[in-house]
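Sharing a structure below in structure tokens format, with a few things to ask.
The values are calculated or read from the model by the stated rules, or taken from the named source; none is laboratory data. All values reported here derive from a predicted model rather than from experimental measurement. Glycine gets a Cβ as well: all are built from the backbone with ideal geometry, and neighbour counts include every protein chain shown.
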Amino acid sequence: MNSENIGLEQLLGKKDAKKMLSKVKFEEGMAVLEELVAKVESGNMPLDHSVDAYELAAELVRHLRTLLTEAEGKLKILQENSSGEITAKDSSQ
């Protein structure tokens, strides 16, 4: 399944949702998470679906944090040194 096609309805209640989440890009994951929160907050979900939604949200948050950590690791800041050369420096420094 292509990550552009993964949405909340495709993830809820699926036993392979964790595997499907691994294909979700950050922006898409945020959109799914926002939709998930709105559905739960509406109060229109049965309890068992709300529990499933909470578990999915927790897994999605873990996945999104992983994506952010990976992006931070790749992020470089270009910095000009005293001799005018451009060097790459880790953002954590």
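List the residue pairs whose Cβ atoms are under 8 Å apart, where the first residue sits in the stretch 18-45 and is closer than 13 Å to G7 by Cα and in contact (Cβ under 8 Å) with a residue 60 or more places away in the chain, the second is assigned to a helix (DSSP H, G or I) and of a type in the set (A, V, I, L, M, F, W, C), and the two are 6 or more positions apart or on different chains.
Every condition considered, no pair remains.
What tally of residues in the stretch 51-65 results from selecting those that are exposed (fewer than 14 other Cβ atoms within 10 Å of the Cβ) and not basic (K, R)?
Final tally of qualifying residues: 5.
Which residue is nearest to A17 (Cα to Cα), if the candidates are limited to the stretch 43-70 and must be at pLDDT 90 or above and in contact with a Gly (Cβ under 8 Å, 6 or more places away or on another chain)?
The extreme case among them is L60.
Looking at (1) over 21 Å from A71 (Cβ atoms); (2) outside any loop (DSSP other than H, G, I, E, B), which is the only condition E28 fails?
(1)
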